[in-house]
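Trainee: Here's a structure for you.
The values are calculated or read from the model by the stated rules, or taken from the named source; none is laboratory data. None of the values given here were measured: they were computed from a predicted structure. Methodologically, a virtual Cβ is constructed for each residue, glycine included, from the backbone with ideal geometry; neighbour enumeration extends over all protein chains shown.
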Amino acid sequence: MPEELLMIGRLVIVNILAWLVIHLGVAGLGTQLAPTRFDSAGWLFRGRRWERGGRLYEEVFAIKVWKHILPDGAALFKQGFRKKRIRDHGAVYLSRFLIETCRSEVVHWIVLGFSLVFFVWNSWGVGMVMVAYGMVANLPCILVQRYNRLRLTAILNRTRSGALP
């Protein structure tokens, strides 16, 4: 019995360390990608009709209630771009913010994809728990990036049209 507990303890530590390496590694590599690789109007990132300009996220997911509690991992990286608050309504800043929402969304999708790696050394049940963790840890961040991008696009359009100073 003690040997089995030791094995379980090691597996828990390996899983925790693996998630840490995946989260930080993918995010760190993501910060190294050139901003030109991200186009907020591109197929993956552009708003969809079903998102209804962000209202879907407000009505179905109550995103305004909880989005502020998500951590902003940008603080961990020298090249990180903080996305907690809009700090400027200028077109240059808002355009950069849009790019960073794309970068963040891609990073979270990739991290979520890595959850399948846990089936290599875990049982099916534990692997499913790791996939569930990957979803709980990343899907809210993906939803927030999509919601913020829709809002930022509207603000940027108003700024460019002269409706905002």
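Trainee: Can you pull out the residues in the stretch 38-79 that are touching a Lys or Arg at 6+ places or on another chain (Cβ under 8 Å) and part of a helix (DSSP H, G or I)?
Mentor: Taking the stretch 38-79 and keeping what is touching a Lys or Arg at 6+ places or on another chain (Cβ under 8 Å), we get 38, 40, 45, 47, 51, 54, 57-58, 68, 72, 74-75.
The answer is GLU51, GLY54, TYR57, GLU58, HIS68, ALA74, ALA75.
Trainee: Report, ordered by the first and then the second residue, all pairs with beta carbons closer than 9 Å, sequence separation of six or more or different chains, a first member in the stretch 74-88 that is under 14 Å from GLY25 (Cα atoms), and a second member that is in a loop (DSSP other than H, G, I, E, B).
Mentor: Final answer for the pair search is ALA74/GLY80; ALA74/PHE81; ALA74/ARG82; ALA74/LYS83; ALA74/LYS84; GLY80/ASP72.
Trainee: Another question, then. Would you confirm whether or not the stretch 12-34 contains a residue that is under 30 Å from ARG158 (Cα atoms) and assigned to a helix (DSSP H, G or I)? Show your work before the answer.
Mentor: Restricting attention to the stretch 12-34, the residues satisfying the condition of being under 30 Å from ARG158 (Cα atoms) are 30-31, 33-34.
Next cut, assigned to a helix (DSSP H, G or I) only: 30-31.
Yes, some residue in the stretch 12-34 is under 30 Å from ARG158 (Cα atoms) and assigned to a helix (DSSP H, G or I).
Trainee: Kindly provide the set of residues from the stretch 61-100 that are surrounded by 13 or more Cβ atoms within 10 Å (Cβ to Cβ) and more than 26 Å from THR159 (Cα to Cα), ordered by number.
Mentor: The answer is PHE61, LEU70, GLY73, LEU76, PHE77.
Trainee: Find the residue count for the stretch 115-142, including only residues that are buried (at least 20 other Cβ atoms within 10 Å of the Cβ) and out of contact with any helix residue (DSSP H, G or I) (no Cβ under 6 Å at 6 or more places or on another chain).
Mentor: Here the count works out to 0.
Trainee: Does LEU112 fit the bill of being surrounded by fewer than 18 Cβ atoms within 10 Å (Cβ to Cβ), at negative phi, modelled with pLDDT of 95 or more and not acidic (Asp, Glu)?
Mentor: Taking the combined requirement at face value, the residue does not satisfy it.
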